[in-house]
Amino acid sequence: MSDLDLKLKFAMITIKTKLLLKNCEQVIMGRRYIICTSCFVLFICLIAQGCTNLFFVPMRPHVLTPEAANLEYEDMYIESSDGVILHAWFLPAITEAKGTVFFLHGNAQNISTHLGSVYWLPAEGFNVLIWDYRGFGKSAGEPSFPGVIYDVESALSALIERRDIDPSKVIVFGQSLGGALAIYAVAHSAHRDNIKAVIIDSAFSGYRAIAREKLSDIWLTWPLQWPLSLLFMDSYNPLESIAVVSPLPTLFIYSENDKVIPAHHGELLFKAAKEPKEKWVLKTEKHIQSTNSQAIRKRLVKYMERKLKIDSE
């Protein structure tokens, strides 16, 4: 385990400890508090914009920077198409660049806690753009699905416009929510010709589908899982967009041990996708933990090298 992995692990333990303490305080207040809070949340969902924004769990402070991994990096500030300013880190390849990875992280925290998924790529010869959606980290604004869809295309445009990368060798890599966003964004992007492969790690097949499953896990909301799931917007449903990603090569990674996004979501997406496509079904890795494995890292490098070579011939 590298120094950065250890630092990230310590940071996440600290965050989880704080959340646990907060949850303990709520539990002590008893079931009445839980029921009242749940009813209040449902009421807010009904009178506001539905429950869709509950998919976003942003965190403002950074827990570390790429300096923790002795990485060269550049702070980038990107203007989204509606004027919101987004923050990103551009990590240049340590050796001659083979290509550039455009990374979309999951629904929680910010780029500092997701750096562990991609910090190893510059040493393998890949540039990386890791960036925050609006409302996350140093990005301005508040998260919303229409806004985040703007953000994906704007960040991809800003990457392609850089003079220090080959804009014809971009690989999109999305994890969890980032994978779902990547599917819709790539399917509708004006920059499809710049993208040589799409990697989808631990994504869910639909917003209402995963919301329904999570509601069924809670005794209070189990009887209402179907009507409540309708409060979640499904306009950017990845299952409905995945076939349009073709003919771009698409790799699906999901784990049978994922307790957050069960493996059947990955299988549904894979079946709905058109060729060329590939799937790696992992046995023991937890949610978005695939790149913790040295073996998976090596496979990913080979996969990306193969796709870049095929498309450059």
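The values are calculated or read from the model by the stated rules, or taken from the named source; none is laboratory data. No experiment lies behind these values; they were computed from the predicted model shown. No Cβ is skipped: glycine too gets one built from the backbone with ideal geometry, and neighbour counts run over all protein chains shown.
Brief remarks follow.
- Scanning segment 168-208 for residues that are touching a strand residue (DSSP E or B) at 6+ places or on another chain (Cβ under 7 Å), among the polar types (S, T, N, Q) and closer than 18 Å to residue 256 by Cα yields 175, 202.
- Here the condition is being among the acidic types (Asp, Glu) and touching a residue at least 60 places away in the same chain (Cβ under 8 Å); of 275, 305, 256, it holds for 305 alone.
- Residue in segment 130-144 that is nearest to residue 100 (Cα to Cα), counting only those that are hydrophobic (A, V, I, L, M, F, W, C) and surrounded by 20 or more Cβ atoms within 10 Å (Cβ to Cβ): 130
- Test: residue 153 is charged (D, E, K, R), modelled with pLDDT of 95 or more and either under 17 Å from residue 234 (Cα atoms) or more than 16 Å from the chain's Cα centre (by Cα) (or both): no
- In segment 128-159, the residues that are touching an Asp or Glu at 6+ places or on another chain (Cβ under 8 Å) and farther than 21 Å from residue 184 by Cβ: 138
- Across segment 91-106, a minimum of one residue is classified as at pLDDT below 95, of a type in the set (Asp, Glu) and over 25 Å from residue 211 (Cα atoms).
- Of 238, 262, 247, all but one fail to be closer than 26 Å to residue 118 by Cα, over 20 Å from the mean Cα position of the chain (by Cα), at pLDDT 95 or above and not polar (S, T, N, Q); the exception is 247.
- The one condition from (1) closer than 23 Å to residue 291 by Cα; (2) at pLDDT 95 or above; (3) of a type outside the set (D, E, K, R) that residue 139 does not meet is (1).
- Those residues of segment 166-189 which are in contact with a helix residue (DSSP H, G or I) (Cβ under 7 Å, 6 or more places away or on another chain) and either under 13 Å from residue 101 (Cβ atoms) or surrounded by fewer than 21 Cβ atoms within 10 Å (Cβ to Cβ) (or both), in sequence order: 167, 168, 169, 170, 171, 172, 174, 175, 187, 189
Listed here are the residues, each with its yes/no results for (1) β-branched (Val, Ile, Thr); (2) assigned to a strand (DSSP E or B).
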residue	(1), (2)
271	no, no
279	no, yes
288	yes, no
295	no, no
307	no, no
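- Residue in segment 236-251 that is surrounded by the fewest Cβ atoms within 10 Å (Cβ to Cβ), counting only those that are closer than 16 Å to residue 209 by Cβ and of a type outside the set (Ser, Thr, Tyr): 240
- Filter pass, residue 309 being within 28 Å of residue 119 (Cα to Cα), at pLDDT 95 or above, surrounded by fewer than 15 Cβ atoms within 10 Å (Cβ to Cβ) and out of contact with any strand residue (DSSP E or B) (no Cβ under 6 Å at 6 or more places or on another chain): no
- Taking segment 256-306 as the range and being acidic (Asp, Glu) and either surrounded by 15 or more Cβ atoms within 10 Å (Cβ to Cβ) or touching a Cys at 6+ places or on another chain (Cβ under 9 Å) (or both) as the test, the residues that pass are 258, 267, 278, 285, 305.
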